[in-house]
Amino acid sequence: MAVGSLLFLAVLAIVYHPMMVSDNKQDPMTVERVQQQEQLLALEMNRLQLEFEQRNQEQGQGLQQSQNLGPNQSQGEEGAALKVESEQGPEEVAWHGWHCGVLVIILLFELCRPSMEHESSYDSSSDDASSVEEEEEAETAPRSVCTQHPDFPDTETLEHFYEQHLQGTSKELASTCEFVTGLVNSLLEACRVLICQTFLPQLENCIGVASAFEGWCPHRDSKTYCVLVPLLPPKGHSFHLEMDYTEGTPENHGHILVELECVCKRERLLGDVLCLLHHSEADMSDSKRGPFRVHILCSSSHLDVEKTTHWFQSLIGKAWELMSHNYSFQLSLQPSTSCCKLWLAYESGRALSIEIILGVQRGDSLVFLASQGAEMGHSSGLAWLETFAVQEMLFFQLMSRYAPQDSCHLKCLQILIYLKECRMPTLENKILTTYHFKTALMHLLLLLPLSEWCPEQLAQRLQDILLYLHHGLEEKCLYHFLIGNSALPRQIPVPKAFQNAKPLNLFQHLALEPAAHAQARSEFLEVMEQVRALLPQSSK
């Protein structure tokens, strides 16, 4: 009977045993980072409080003594629990075998049930190993904020602030984003008609990217909507991407080489294209398509950012002339050397800005070399900026799909960026950008279970983001979310080469520039001061 019970327990453990991170060949560097975060982030809020006290004392302001709910209490409880277990009497060891077996079965079932429920709530139709990695990482995520810090606004205060300044943003964004993509695609359709008999780049339908299409916006009315338009090589041409990876820089660039390809076979069979590789210049001079060749957009056989942008702007202007009679607003082109900026003005006084970014796809991935970063830097000359804006948009859509109803993850980012951009003095060269705050949030969305982003935990999760970013500033290390992150859900189409690459540190330049690091810490403390300013006067 004892052997039968052991066999039954072994089968039960195999069936219900949740997959460990090691079972899925987790990246050792990722595991090490998570373990370090678990140990260090628990101390960050107390360190922040001490910094605020020291700073305010120098300004002659007194702060109340920080209430430190340290880990000693939890450690004491754990020690007591271990002590109770060690002091169990010998009569408990002498239980009957069948009695002990029943208790072990119940214990195994209770331990396995939460992980099974979490898997099914996240994606019941997928057996991706990445979802298991997310669950395992969530166990090592920072838990220091489960107790609300006394010097931090509570959820009720943050909700009231959100209702006053940002309420209604999501509903307006969804409908406006749909309108923007529809308008841009209509313009692109007219552009295709204009260039159908040329050897110029072909235009695909746009892809909505950046904050508005990710579902959040730091303003009640979004000022700018950003879309990416993929470029395809003209018939008889090919684009070859030449990457330029510079050590220590948070942004990668590349060049787009334009080469001719032989299309003689297609010319003979279909007759819809000329093989430029095997036709003489005299033949091309007789063709009406001769002057409209892609080389007018190139410098030294490489696609030029400014030339391509100016060509596209001119093309959009001509397309609008063909279709303006169908719309009741005025559309004008704004000057730019890295994107096509459209300004829509309505008779009611409402205005809308659209930025159209041009990009060339890297192979069959959704990584692009773009004329401008969706929320980061700008390209110039022959250098095009590598962007993961499409993957980031898909990630936020995935999280919103499986997160609890009215999840607070987007509210956290909206509140922080609103305080950063609208409440702080404007600096020309800020070190901390919106992208850094967004990166911290994306990491935490994988580290913490999605069930912990319910509306009631708004204050705790916002505090988590600040702790994560503060730890990154102290260590001068904030890893890019998509490069070198092997724990990404498989629903996010990132090539294995990027997931297995060395993690890219967005704060690496801070280790080399002490002045920049000091400025970044100062900017972070300003954001913290703005968050603390939301506290009711009686609580300060």
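Structure values in brief
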item: 5 angstrom amide H check on Leu200, placed H, neighbours 5+ away; result: none
item: More than 24 angstrom apart: percent of Cα pairs within region 322-475; result: 52 percent
item: Whole-number accessible area per residue in Å² for region 321-369, which is evaluated in the context of all protein chains at 1.4 Å; result: 52 Å²
item: Under Karplus coefficients 6.51, -1.76 and 1.60, residue-wise ³J(HN,Hα) of region 520-530 in Hz, glycine/proline x; result: 5, 5, 5, 5, 5, 5, 5, 4, 4, 5, 5
item: Mean Cβ count within 10 Å, highest first, over the residues of peptides 339-347, 442-450, 475-483, 317-325; result: 442-450, 475-483, 339-347, 317-325
item: q = 0.11, 0.14 Å⁻¹: log10 I(q)/I(0) that the Debye formula gives for region 457-540, counting C-alpha atoms only; result: -0.45, -0.67
item: Pair Ser299, Asn185: separation of 7 Å Cα→Cβ label points (nm); result: 3.5 nm
item: Placed amide H near Leu231: partners under 5 Å, 5+ positions off or other chain; result: Gly359, Val360, Gln361
item: Kirkwood-based Rg to Rh ratio, region 388-466, C-alpha trace; result: 0.99
item: Per residue convex hull volume, Cα atoms of region 153-226, in Å³; result: 84 Å³
item: Counted charge near Glu204, where neighbours are those whose Cβ lies closer than 13 Å (Asp, Glu -1; Lys, Arg +1); result: 0
item: Members of Lys420/Lys476; Lys265/Lys496; Lys307/Lys496; Lys307/Lys341; Lys235/Lys496; Lys223/Lys438 lying beyond 26 Å, as alpha-carbon distances in this model show; result: Lys265/Lys496; Lys307/Lys496; Lys235/Lys496
item: Ranked packing of 431-441, 490-500, 151-161, most packed first, by mean Cβ within 10 Å; result: 431-441, 151-161, 490-500
item: Volume in Å³ per residue [convex hull over Cα atoms, computed for region 413-517]; result: 124 Å³
item: Contour minus Cα-Cα distance for Ala351 and Glu259 (0.36 nm per residue); result: 29.0 nm
item: Rg(Cα) / (2.2 N^0.38 Å) computed for region 293-393, rounded to two decimals; result: 1.20
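The values are calculated or read from the model by the stated rules, or taken from the named source; none is laboratory data. Note that the coordinates shown come from a computational prediction; the quantities given were computed from them, not determined experimentally. For neighbour counting, all protein chains shown are included, and Cβ atoms are generated from backbone atoms with ideal geometry for every residue, glycine included. Side chains included, ligands, DNA and RNA excluded: accessible areas come from the protein's heavy atoms. Shrake-Rupley method; radii C 1.70, N 1.55, O 1.52, S 1.80 Å.
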